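Here the structure comes first, spelled out in structure tokens, and everything after it is commentary.
The values are calculated or read from the model by the stated rules, or taken from the named source; none is laboratory data. From a predicted model like this one, the values you see are computed outputs, not experimental measurements. Cβ: placed from backbone, ideal geometry, glycine included. Neighbour counts: every protein chain shown.
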Amino acid sequence: MQAIAVVGTKKSGKTTTIENLTRELTKRGYKVAVIKHINEPNLTIDTPGKDTWRYVQAGAKTIVATGPNQTLTIENTCTQITALLKKCKGNDIVFIEGFKKTIARNQNIPKIAVTKNPVEAENTIETYYPIIAFTGPYNTAKIYQNTPYANSQTNPKKLTNIIEKAVLKK
């Protein structure tokens, strides 16, 4: 399993990039997982008063809720990236959105940088390593010639090809 972080500022297109890459990689037969870090201290995916919420309030550490087409696991645990990646076993690739400080210079997690302008591109180069590709509204091809650029919105196949070659070795 290979993890790739998609990095960029708010509203840069990270989610759209992951969505397009997931769609394209799935078409090519890959199993894709996504880890999304939401930096909101009071975040809950549970609804107060509902059964699963009541189980959490009673002290349950893990609650599994299932329906005809989906299963939801609620866990009251830490959110360390290594533990989250273990939950994604069985997939070929895991996209990570968020965890900026944790993944910034982690050499084992390649990055796709989504940039809207030259300042963002420069900040990304200074903050993240390694960057395997640029995407987003700002075309970095002339400035960072050693790192490929592909717009994930207009040409997701090109960005997917870059990923396959760089980390999936197909």
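Could you list all residues from the stretch 20-37 that are buried (at least 18 other Cβ atoms within 10 Å of the Cβ), of a type in the set (A, V, I, L, M) and either outside the structural domain of residue 162 (by TED's automatic domain parsing) or more than 14 Å from residue 164 (Cβ to Cβ) (or both)?
Selection gives 33, 35.
Identify all residues within the stretch 66-91 that are surrounded by 11 or more Cβ atoms within 10 Å (Cβ to Cβ) and among the basic types (Lys, Arg); write none if there are none.
Hit for the stretch 66-91 is 87, nothing else.
Taking residue 63 and the conditions (1) buried (at least 16 other Cβ atoms within 10 Å of the Cβ); (2) modelled with pLDDT of 90 or more, which numbered condition does it fall short on, given that it satisfies the others?
Among (1) buried (at least 16 other Cβ atoms within 10 Å of the Cβ); (2) modelled with pLDDT of 90 or more, residue 63 violates only (2).
Quick one: in the stretch 123-148, of everything that is hydrophobic (A, V, I, L, M, F, W, C) and more than 15 Å from residue 159 (Cα to Cα), which residue is surrounded by the fewest Cβ atoms within 10 Å (Cβ to Cβ)? Walk me through it before giving the result.
Of all residues in the stretch 123-148, those hydrophobic (A, V, I, L, M, F, W, C) come to 125, 131-134, 141, 143.
If we keep only those that are more than 15 Å from residue 159 (Cα to Cα) too, we end up with 125, 143.
Details: 125: 17, 143: 14.
Ranking the candidates gives 143 first.
Select, from 51, 46, the only residue that is over 17 Å from residue 134 (Cα atoms), outside the structural domain of residue 154 (by TED's automatic domain parsing), in contact with a helix residue (DSSP H, G or I) (Cβ under 8 Å, 6 or more places away or on another chain) and among the acidic types (Asp, Glu). Show your work before the answer.
Numbers: 51 fails: in contact with a helix residue (DSSP H, G or I) (Cβ under 8 Å, 6 or more places away or on another chain).
Criteria check complete, one pass: 46.
Can you pull out the strands (runs of 3 or more DSSP E) entirely within the stretch 1-113 that have at least 2 residues that are free of Cβ contacts under 8 Å to residues at least 40 places away in the same chain and of a type in the set (Ser, Thr, Tyr)? Quick ask: steps written out before the conclusion?
Numbers: elements: 2-7, 32-36, 62-66, 71-75, 93-97.
Those strands (runs of 3 or more DSSP E) span 62-66, 71-75.
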